[in-house]
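Have a look at the structure below, then the notes.
The values are calculated or read from the model by the stated rules, or taken from the named source; none is laboratory data. All of these numbers come straight from a predicted model, not from anything done at the bench. Backbone-built Cβ (ideal geometry, glycine too); neighbour counts: all protein chains shown.
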Amino acid sequence: MKEKINQYLAEIEMFTAKSKEELEQFRIKYSGKKGILNDLFADFKNVAAEERREMGVLLNDLKGKMQQKLEALRESFEGEESASAPAQDLTLPVNFRDAGSRHPLMIIRNRMIEIFSRIGFTVAEGPEIEDDWHNFSALNFAPEHPARDMQDTFFIEKDPDIILRTHTSSVQVRVMEKTQPPIRMIFPGRVYRNEAISARAHCFFHQVEGLYVDKNVSFADLRQTMLYFAKEMFSADTRIRLRPSYFPFTEPSAEMDISCNLCGGKGCGFCKYTGWVEILGCGMVNPNVLKNCGIDPEVYSGFAFGMGIERITNLVFNVKDLRMFSENDVRFLQQFESAWQ
Ligand code: PHE
């Protein structure tokens with residue numbers, strides 16, 4: 001009998017149940033009417049008097065262990081049941097939290113940074129509140145240049161030296177004053193102009209400026225860099241055209257057009273039937289600018305370019321009115337992030 005009890009004890013110890021049904025079978029096997037415990041207690045009557053004490057203890061121990069096991073397993077199943085029971089009404093509408101979306105101008109700015117970073121351009125930023133030197137004088141603007149006119153620039157009455165920058169070319173100056181070539185950087189940022197607000201102009205907009213200064217940088221490098229950018233930004237079959245222009249800080253200077261990305265250059269209402277749309281200004285850095293910033297123009301040359309992020313975004317996403325970029329209407333703003341990916 002002793003051996004039997006020890007065997008059952010071991011069995012109870014080892015027992016685990018995968019389901020409530022298995023547990024119930026275990027219960028019946030041991031403490032059912034015709035179960036092991038009843039059998040053993042029936043046998044107990046026949047145990048010799050001198051062994052009774054020991055057997056009694058053993059039997060009670062077996063009964064106790066079996067009940068402990070039963071309870072422990074029962075609890076584990078109950079826990080499972082309450083965990084899987086629905087705590088809430090799953091048919092209720094979710095408490096929806098809008099994740100928001102990236103602003104179309106920032107989507108395009110990030111794309112531009114990515115395109116230029118692939119050919120070694122890094123990013124720098126400068127202040128939006130500038131002084132005359134960085135925004136104009138160092139960039140070779142003659143004192144009477146019309147761009148300094150009150151029409152275009154936000155001055156403050158107290159101090160005409162302090163302005164809101166009218167372009168990101170000011171960051172060129174700040175970088176060249178501190179860094180000797182080679183310099184290969186782009187400067188994204190917000191700029192301000194005193195213009196009447198319309199579908200095509202705003203009192204502020206965004207630019208990305210680029211600057212490359214090193215030994216032997218030529219106009220061919222400028223052209224090839226711009227072609228690479230246009231193809232990456234728009235499509236592989238995009239063509240570019242450079243038209244002579246004027247900027248005080250570049251010489252020679254050019255305006256760059258791309259083949260119209262809507263009609264592929266055939267001519268449409270968007271490109272006014274010319275097949276071309278203007279996207280940026282560029283040129284070889286004027287030697288006077290290099291000199292103003294402490295770089296020797298006899299040793300180094302460079303090119304620069306600057307473009308409006310709004311303009312590129314309008315072209316990529318076919319947005320017709322740039323006021324929409326600053327109206328903060330989420331119905332407009334939400335349309336772009338998924339369209340781009
Ligand atoms: N700063 C010029 C503008 O705002 C653009 C430009 C940048 C042109 C660099 C040439 C070189 O219109």
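Scan (1) in contact with a Cys (Cβ under 9 Å, 6 or more places away or on another chain); (2) surrounded by fewer than 16 Cβ atoms within 10 Å (Cβ to Cβ) for the single condition residue 264 breaks and write down its number.
(1)
Just need a number here: residues in the stretch 263-282 that are at negative phi and outside any strand (DSSP E or B).
7
For the stretch 252-279, enumerate the residues that are more than 10 Å from the ligand (Cβ to nearest atom) and closer than 20 Å to residue 223 by Cβ.
The answer is 252, 257, 258, 259, 260, 261, 265, 275, 276, 277, 278, 279.
Of the conditions (1) loosely packed, with under 11 Cβ neighbours inside 10 Å; (2) in a loop (DSSP other than H, G, I, E, B), residue 127 fails just one. Which one is it?
Condition not satisfied by residue 127: (1).
Which members of the stretch 183-202 meet the condition of being part of a loop (DSSP other than H, G, I, E, B) and either within 28 Å of the chain's Cα centre (by Cα) or not assigned by TED's automatic domain parsing to the domain that holds residue 307 (or both)?
Answer for the stretch 183-202, where residues must be part of a loop (DSSP other than H, G, I, E, B) and either within 28 Å of the chain's Cα centre (by Cα) or not assigned by TED's automatic domain parsing to the domain that holds residue 307 (or both): just 202.
How many residues are in a strand (DSSP E or B) and among the aliphatic types (A, V, I, L, M) when one looks only at the stretch 296-322?
Qualifying residue count for the region: 2.
Restricting to the stretch 206-243, give me the number of residues that are assigned to a loop (DSSP other than H, G, I, E, B) and in contact (Cβ under 8 Å) with a residue 60 or more places away in the chain.
5
Can you work out which of the residues in the stretch 232-251 that are among the aliphatic types (A, V, I, L, M) and away from the ligand (no atom under 12 Å from the Cβ) is farthest from the chain's Cα centre (by Cα)?
If we take residues in the stretch 232-251 being among the aliphatic types (A, V, I, L, M) and away from the ligand (no atom under 12 Å from the Cβ), then 240 is farthest from the chain's Cα centre (by Cα).
Based on what the data block shows, is residue 177 assigned to a helix (DSSP H, G or I) and away from the ligand (no atom under 16 Å from the Cβ)?
Here the answer is yes, as residue 177 does meet what is asked.
On the given criteria, is residue 254 among the aliphatic types (A, V, I, L, M), over 32 Å from the mean Cα position of the chain (by Cα) and not in a loop (DSSP other than H, G, I, E, B)?
It is true that residue 254 is among the aliphatic types (A, V, I, L, M), over 32 Å from the mean Cα position of the chain (by Cα) and not in a loop (DSSP other than H, G, I, E, B).
Does residue 229 count as within 13 Å of the ligand (Cβ to nearest atom), surrounded by 18 or more Cβ atoms within 10 Å (Cβ to Cβ), among the aromatic types (Phe, Trp, Tyr) and in the same structural domain as residue 305 (by TED's automatic domain parsing)?
Judged against the criteria, residue 229 is not a match.
Would you please name the residue that is nearest to the chain's Cα centre (by Cα), looking only at residues in the stretch 203-220 that are over 16 Å from residue 311 (Cβ atoms) and within 14 Å of the ligand (Cβ to nearest atom)?
Among them, the one singled out is 211.
Only one residue in 178, 158 is exposed (fewer than 12 other Cβ atoms within 10 Å of the Cβ) and within 28 Å of residue 221 (Cβ to Cβ). Which one?
After applying the criteria, what remains is 178.
Kindly evaluate residue 198 against the criterion of being more than 13 Å from the ligand (Cβ to nearest atom), touching a Ser or Thr at 6+ places or on another chain (Cβ under 8 Å) and hydroxyl-bearing (Ser, Thr, Tyr).
Judged against the criteria, residue 198 is not a match.
Collect the residues in the stretch 164-174 that are touching a Lys or Arg at 6+ places or on another chain (Cβ under 9 Å) and away from the ligand (no atom under 13 Å from the Cβ), keeping them in residue-number order.
Once the filter is applied, which keeps residues that are touching a Lys or Arg at 6+ places or on another chain (Cβ under 9 Å) and away from the ligand (no atom under 13 Å from the Cβ), the stretch 164-174 yields only 164.
Out of all the residues in the stretch 280-334, which are among the hydrophobic types (A, V, I, L, M, F, W, C), within 28 Å of residue 232 (Cβ to Cβ) and either outside the structural domain of residue 231 (by TED's automatic domain parsing) or more than 16 Å from the ligand (Cβ to nearest atom) (or both)?
315, 316, 317, 319, 324, 325, 332, 333
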